[in-house]
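**Student:** Below are the structure tokens for one structure; questions will follow.
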Amino acid sequence: MEELLRETTRWDNGQLINRRTGGIIKVMIPVHLFGQMADMKSLMEIAKTYRLAVIEDAAQAIGSEHIGGKRAGEMGNIGCFSFFPSKNLGGFGDGGMCTTNDPHLAEHLRYCARMAPNQNIITR
Ligand SMILES: Cc1ncc(COP(=O)(O)O)c(C=O)c1O
């Protein structure tokens, strides 16, 4: 991941830019698959170096534990879980959950959950 970012991005005015597309890169999304957590310790260090927010896709990893005791969804800025019936913790129908320890993000996520079905509210 570090090598990929080093080779495919550049800095411009404090923003991380994709050299090929010119797009601004703000977020890293590690995906924990089959209950196995991504190497979050290394990825969090890389995210810090590249000033990226981290959104953990923990749809398949509820309850999974990282070396050192941290659980899926606990290390990134936001953790996302799926309760689709085929997932580790399947619900009766569709559903999901986001986790964060940032009160401002939590409020924004609550707002998204309430309003997103009705309008395009993702502005930044
Ligand atoms: C790793 C992963 N992320 C995200 C999703 C999407 O979850 P949902 O269907 O609840 O939006 C899935 C579902 O297959 C998944 O396996």
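**Student:** With Phe92, Phe84 as the choices, which residue is surrounded by 13 or more Cβ atoms within 10 Å (Cβ to Cβ), free of Cβ contacts under 8 Å to residues at least 60 places away in the same chain, more than 16 Å from the chain's Cα centre (by Cα) and at negative phi? Let's see the steps before the verdict.
**Tutor:** Details: Phe92 fails: surrounded by 13 or more Cβ atoms within 10 Å (Cβ to Cβ).
Answer to the selection: Phe84.
**Student:** For segment 93-123, give me each residue that is modelled with pLDDT under 85 and in a loop (DSSP other than H, G, I, E, B).
**Tutor:** We begin by selecting, within segment 93-123, every residue modelled with pLDDT under 85; these are 93-94, 115-123.
Selection gives Gly93, Asp94, Ala116, Pro117, Asn118, Gln119, Asn120, Ile121, Ile122, Thr123.
**Student:** Return yes or no: is Ala116 without any contact (Cβ under 8 Å) to a residue 24 or more places away in the chain, within 16 Å of the ligand (Cβ to nearest atom), among the small types (Gly, Ala, Ser) and out of contact with any Pro (no Cβ under 7 Å at 6 or more places or on another chain)? Talk me through it step by step, then tell me what you get.
**Tutor:** Numbers: without any contact (Cβ under 8 Å) to a residue 24 or more places away in the chain: yes; within 16 Å of the ligand (Cβ to nearest atom): yes; among the small types (Gly, Ala, Ser): yes; out of contact with any Pro (no Cβ under 7 Å at 6 or more places or on another chain): yes.
It is true that Ala116 is without any contact (Cβ under 8 Å) to a residue 24 or more places away in the chain, within 16 Å of the ligand (Cβ to nearest atom), among the small types (Gly, Ala, Ser) and out of contact with any Pro (no Cβ under 7 Å at 6 or more places or on another chain).
**Student:** Looking only at segment 48-65, how many residues end up being among the small types (Gly, Ala, Ser) and outside any loop (DSSP other than H, G, I, E, B)? Before the answer, list the steps.
**Tutor:** Going residue by residue through segment 48-65, those that are among the small types (Gly, Ala, Ser) are 53, 58-59, 61, 63-64.
Filter again for outside any loop (DSSP other than H, G, I, E, B), leaving 53.
Qualifying residue count, segment 48-65: 1.
**Student:** Would you tally the residues in segment 52-82 being within 25 Å of Thr9 (Cβ to Cβ) and within 9 Å of the ligand (Cβ to nearest atom)?
**Tutor:** The number of residues fulfilling the criteria is 2.
**Student:** In addition: Do we have Asn101 as away from the ligand (no atom under 16 Å from the Cβ) and either in contact with a Ser or Thr (Cβ under 7 Å, 6 or more places away or on another chain) or small (Gly, Ala, Ser) (or both) here? Can you show your working first?
**Tutor:** Working: away from the ligand (no atom under 16 Å from the Cβ): yes; either in contact with a Ser or Thr (Cβ under 7 Å, 6 or more places away or on another chain) or small (Gly, Ala, Ser) (or both): no.
No; evaluated as a whole, the condition is false for this residue.
**Student:** Further question on the same structure: Count, please, the residues in segment 66-86 that happen to be outside any loop (DSSP other than H, G, I, E, B) and of a type in the set (Lys, Arg). First the steps, then the outcome.
**Tutor:** To start, the set of residues in segment 66-86 that are outside any loop (DSSP other than H, G, I, E, B) comprises 71, 78-82.
With the extra rule that they be of a type in the set (Lys, Arg), the set shrinks to 71.
The number of residues fulfilling the criteria is 1.
**Student:** Ok, one more. Kindly establish whether Thr49 is more than 16 Å from the ligand (Cβ to nearest atom) and crowded, with 17+ Cβ neighbours inside 10 Å.
**Tutor:** Here the answer is no, as Thr49 does not meet what is asked.
**Student:** Please state which of the following conditions Pro85 fails to meet, knowing it meets all the rest: (1) farther than 30 Å from Trp11 by Cβ; (2) away from the ligand (no atom under 16 Å from the Cβ).
**Tutor:** (2)
**Student:** Within segment 104-117, is even one residue within 30 Å of Thr9 (Cβ to Cβ) and among the acidic types (Asp, Glu)?
**Tutor:** Quick first cut of segment 104-117, residues within 30 Å of Thr9 (Cβ to Cβ) only: 104-106, 108-109, 112, 116.
After this cut, where a residue has to be among the acidic types (Asp, Glu) as well, the list is none.
No.
The values are calculated or read from the model by the stated rules, or taken from the named source; none is laboratory data. All of these numbers come straight from a predicted model, not from anything done at the bench. Methodologically, a virtual Cβ is constructed for each residue, glycine included, from the backbone with ideal geometry; neighbour enumeration extends over all protein chains shown.
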